[in-house]
Amino acid sequence: MWNRAYVDHVQITVAEEVDVGHRAGYYDGAGVLRDMFQNHLLQLLALVAMEPPASNEAGALRNETAKVLAAIRPITGEAVAQETARGQYQGYREEPDVAPDSATATYAALRLYVDNWRWHGVPFYLRSGKALAEKASEVIIRFRSLPHLMFPLAPGEEIASNVLGLCIQPDEGIHLRFEAKVPGTANEMRPVDMTFHYEDAFGEGGIPDAYERLLLDALLGDAALFIRSDAIELSWRLIDPVLEVWETGATPPLATYETGSWGPTEAEALIARDGHAWLRSCGNHHEAIGGNRNE
């Protein structure tokens, strides 16, 4: 089921609740694309979309992630206005060491396509930003709608397609939401959840912290979770053309969003053009995934 025949689209969110803080001097020269997309978000996309590696050894894993990055369709020229959105949180220009007329984006959303046999035509929506509503890293896989319904629905009612949420941080786990027929009714359907969390199953501290794991891998000489040089170059091949258009100041316009929100409305419009909406899986997932039944 991990292919274009069953998956409608994929959403990847890396949200930060904190603002730039003491990193303002660095951040104003980097921005969200260099800081988060070139490495974190594109690596998450590659891990989700890669072919199953022959083994869990570093070489096999990194070969497959590099193939995905090489297959992503670059966003260039006029397409940047259609495939990206950018924003800056209110008050950013008043931060210490930030230029008073700074056009640095602290939020970005991108729509990407992986042009290979498995994923051709499936949009991957990526978003990340500073000073957002909460800290969360997650991947949402929304499956295609059913081609045929066994149970008749009330006039005007639609059944929501299945959603798989991979919660990466802070509460690592998996959420699967699907529709079930309410027992004893003629045709009433209701969304239900199956959930798994590492902390519930293995206790607090059941899995190591991110840097704890990386430091151990470095000591052991295991490079599986470290980015290879060709993957770094492929990532920059995707990010540089977007940055080039953004830094001309032409398009898309730099929007402003409130701190503590989920970013600018332009990011909502980006995904809404395809008839979708941003979803949540981690945190209050019962409300987040199920809140928009007819999306």
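Only the coordinates and a few stated rules stand behind these numbers; no lab work does. No experiment lies behind these values; they were computed from the predicted model shown. Note that we place each Cβ from the backbone using ideal geometry, even for glycine, and neighbour counts take in every protein chain shown.
Eigen-decomposition of the gyration tensor built on the alpha-carbon atoms of the stretch 7-282 gives equivalent ellipsoid semi-axes of 31, 25, 21 angstrom, largest listed first.
Estimated from helices alone, the mean residue ellipticity of the chain at 222 nm is -8000 deg cm²/dmol (sum of -39500 (n - 2.57) over DSSP H runs with n ≥ 4, per residue). For the stretch 157-275, what does the alpha-carbon gyration tensor say about shape, rounded, prolate or oblate, given a ≥ b ≥ c as the root eigenvalues, a/c under 1.5 as rounded, and a/b over b/c as prolate? In terms of gyration-tensor shape, oblate. Other residues whose C-beta falls under 13 angstrom from the C-beta of P264 contribute a net charge of 0, scoring Lys and Arg +1 and Asp and Glu -1. Distance distribution note for the stretch 104-221: the fraction of Cα pairs above 18 angstrom is 71%. Considering only alpha-carbon pairs that sit under 8 angstrom and 6 or more positions apart, the relative contact order computed for the stretch 92-148 is 23 percent. Each other residue within a Cβ distance under 9 Å of A24 adds +1 if Lys or Arg and -1 if Asp or Glu, for a net charge of -3. Loop-located GluC sites (Glu not before Pro) across the stretch 43-139 with a Cβ neighbour count of 14 or fewer within 10 Å are E57, E78, E134, with loop assigned by DSSP. Here the extension length gained between R190 and S229 equals 9.3 nm, from 0.36 nm per residue of separation less the Cα-Cα distance.
The peptide list 177-187, 257-267, put in order of mean Cβ contacts within 10 Å with the highest first, becomes 257-267, 177-187.
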